[in-house]
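Asker: Here it is, the structure in full.
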Amino acid sequence: MGNYTPDMDYYEDFNYQEFLLSSRRKSLCSPEKVMQSISLKGAKNIVDFGMGMGFFIPYLQQKMDRDSWLWGVECQAELIDLVLKRKVEHNIKNFSTVYLEKNDTPLLPQWIPHPDVIFASLSLSTFPNPGLAMDGLIRSAKMGGKLILLDWAKLDHNEGPAIKEKVSLDKMKYLAELYLLKITNQFIVSELVYGLEVKASENFVYQFYDHRE
């Protein structure tokens, strides 16, 4: 399953996805530290965008309100199958998976309730233009909703993708502001991973190419 070939993107490599679920990943991106740095209070619908094998599912569910719903969004069907298998085996409640085709401007399907929070772990840097990806996700969220993203610091390291695949915190902040998004929180998870929270600014226009109209 998922044998790597040179024409694949690194995140499509099954070995990389297994790393993202491993104890090595926990040491680089402590889920406890991430959860301490964010708030899901009052959020009824939460999206785990680019959920992979579901590393953050239990942590998000522990953090969110009891009657909230978690939507796991992923572009790789085989990973969704694995997560659905876990859902049945572990009787995971208040959780649904969503397949979303790869697109430079991700817009969530219309049948998903407008999420209050979109959580994107190590996924924005996989887009050709992370700013445009942020723009699409904010348009998919509830008006006033927020996007919480984690990504790789632009450092050369033997874990994670090559340095050319990474986007620095400064560039991610620049791209957010370029697309009229307001930075409401930033935090450092480890030397290799940072966190950023953004919302629509006062100048952001939701109606532009909004597929939900």
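Asker: For LYS146, give me every one of the lysines with a C-alpha distance below 20 angstrom, ignoring sequence neighbours fewer than eight places off in its own chain.
Answerer: LYS33, LYS41, LYS44, LYS63, LYS171, LYS173, LYS182, LYS199
Asker: Moving to a separate point now. So who's got an amide H within less than 5 Å of the one on ASP48, skipping anything under 5 residues away but keeping other chains? H placed 1.01 Å off N, in plane.
Answerer: Excluding prolines and chain starts, which carry no amide H, the hits are TRP71, GLY72, VAL73, PHE119.
Asker: Turning to a different aspect of this structure: Of the beta bridges DSSP finds with both residues in the range 40-200, what % are antiparallel, to the nearest 5?
Answerer: Working: 14 of 33 bridges.
Once the DSSP bridges in the range 40-200 are tallied, antiparallel ones form about 40 percent.
Asker: Can you give me the P(r) profile for the range 40-200? Cα pairs, bins 10 angstrom wide beginning at 0, each as a whole percent.
Answerer: 11, 41, 38, 11, 0
Asker: Please list, ordered by chain and number, the residues whose modelled amide H lies under 5 Å from the amide H of ASN185; skip anything fewer than 5 residues away on the same chain.
Answerer: Close amide H contacts, sequence-distant or interchain: GLU197.
Asker: OK, next. Starting from the amide H of VAL193, placed 1.01 Å from N in the peptide plane, find each other amide H under 5 Å away whose residue is 5 or more places distant or on another chain.
Answerer: It is ALA153, by chain and number.
Asker: How large is ³J(HN,Hα) for each residue in the range 40-57, as worked out from phi by the Karplus curve 6.51 cos²θ - 1.76 cosθ + 1.60 (θ = phi - 60°), to whole Hz, x for Gly and Pro?
Answerer: Running phi through 6.51 cos²θ - 1.76 cosθ + 1.60 with θ = phi - 60° gives 10, 4, x, 7, 8, 10, 10, 10, 9, 7, x, 5, x, 8, x, 3, 8, 3 Hz.
Asker: Taking 8 Å as the Cα distance limit and 6 or more residues as the minimum spacing, I'd like the relative contact order of the range 97-195 as a percentage.
Answerer: Details: 137 pairs, mean separation 25.9, N = 99.
Relative contact order, the range 97-195: 26 percent.
FYI, it's all coordinate maths here, none of it is from the lab. Everything quoted here is computed from the prediction, not taken from an experiment.
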